[in-house]
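Here the structure is laid out as structure tokens; the discussion comes afterwards.
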Amino acid sequence: MTEKLSESAPEIRPGEASIALPSHTDAGLYFIGRIRTPWTERRQAPKNAREARERGDICTVEVDPRYEKALAGVETCSHLILLYWMDRARRDLVVQAPAHYKEGRGTFALRSPVRPNPIAMSVVKLVKAEGTKLQVVGVDCLDGTPLLDIKPYFASADAIPDATVGWHQKERAADA
Ligand SMILES: C[S@@+](CC[C@H](N)C(=O)[O-])C[C@H]1O[C@@H](n2cnc3c(N)ncnc32)[C@H](O)[C@@H]1O
């Protein structure tokens, strides 16, 4: 799939800022598969992994058969971390003002797909593993989104139930 960056990029909003990106990239990566979902337009997709889990759609992670052996043991996991490449996002915004937030914030304080390296992550529930196809609940990406990596989710190491995002708490408190 060819990346379409500027063509599909929404207009910059008031309060947002863009930069000139470096003239070259520093590393290459391999797409290890594609994520198949019912969504072809951004507005149809769940806003985040929590909404995806609440909606409950079962999506299919299609792993390139060359990596079949790398999946050994994955079927024993209840939850996985998926890393994927938001191939239809622009990459040059450093301050973003999503419509649902009150003010602009730095890209690295946001989970927006718009970032210099448009890498997204979600913790998904593994419903079924069959060969190189994994059925999962919890992705929020468009159909055909390239898959970068799969890792087991270790609740013992990864869960930090009392973690906070100050600006988000402040906005929610102001809305209440
Ligand atoms: C806010 S991001 C969160 C992604 C990931 N769960 C994370 O936290 O890193 C999810 C949104 O990205 C947009 N999106 C999904 N797939 C995309 C793609 N392939 N390219 C660009 N934008 C995409 C959709 O609007 C979706 O609601």
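The values are calculated or read from the model by the stated rules, or taken from the named source; none is laboratory data. Remember, it's a predicted structure, so these values are computed and weren't measured experimentally. Here the Cβ is made from the backbone with ideal geometry for all residues, glycine too, and neighbour counts use every protein chain on show.
Restricted to region 22-36, and to residues that are assigned to a loop (DSSP other than H, G, I, E, B) and touching a strand residue (DSSP E or B) at 6+ places or on another chain (Cβ under 7 Å), which residue is farthest from T145 (Cα to Cα)? Taking the candidates together, the pick is L29.
Quick one: which residue in A99, A72, A109 is surrounded by fewer than 15 Cβ atoms within 10 Å (Cβ to Cβ) and modelled with pLDDT under 95?
On the way: A72 fails: modelled with pLDDT under 95; A109 fails: modelled with pLDDT under 95.
A99 is the lone residue from the list that is surrounded by fewer than 15 Cβ atoms within 10 Å (Cβ to Cβ) and modelled with pLDDT under 95.
Contact map, region 147-176: residues that are more than 21 Å from S122 (Cβ to Cβ) paired with residues that are assigned to a loop (DSSP other than H, G, I, E, B) and of a type outside the set (K, R), Cβ distance under 8 Å, separation 6+ or inter-chain. Pairs shown: E171/Y101. Just checking, does region 143-157 include any residue being within 9 Å of the ligand (Cβ to nearest atom) and touching a Ser or Thr at 6+ places or on another chain (Cβ under 6 Å)? Among the residues of region 143-157, at least one is within 9 Å of the ligand (Cβ to nearest atom) and touching a Ser or Thr at 6+ places or on another chain (Cβ under 6 Å), which makes the answer yes. Hey, any hits in region 42-52 for a residue that's touching a strand residue (DSSP E or B) at 6+ places or on another chain (Cβ under 8 Å), more than 9 Å from the ligand (Cβ to nearest atom) and within 23 Å of K125 (Cβ to Cβ)? The answer is no; no qualifying residue exists. Which pairs have Cβ atoms under 7 Å, sit 6 or more apart or on different chains, and link a residue in region 23-47 that is of a type in the set (S, T, N, Q) to one that is part of a loop (DSSP other than H, G, I, E, B) and at pLDDT 95 or above? Sorted first by the residue in region 23-47, then by its partner, the pairs are T37/V139; T37/C141; T37/L142; T37/D143; T40/L142; T40/D143.
For region 119-176, the strands (runs of 3 or more DSSP E) that sit wholly inside it and include 1 or more residues that are within 19 Å of E54 (Cβ to Cβ) and not small (G, A, S) are 119-130, 133-137.
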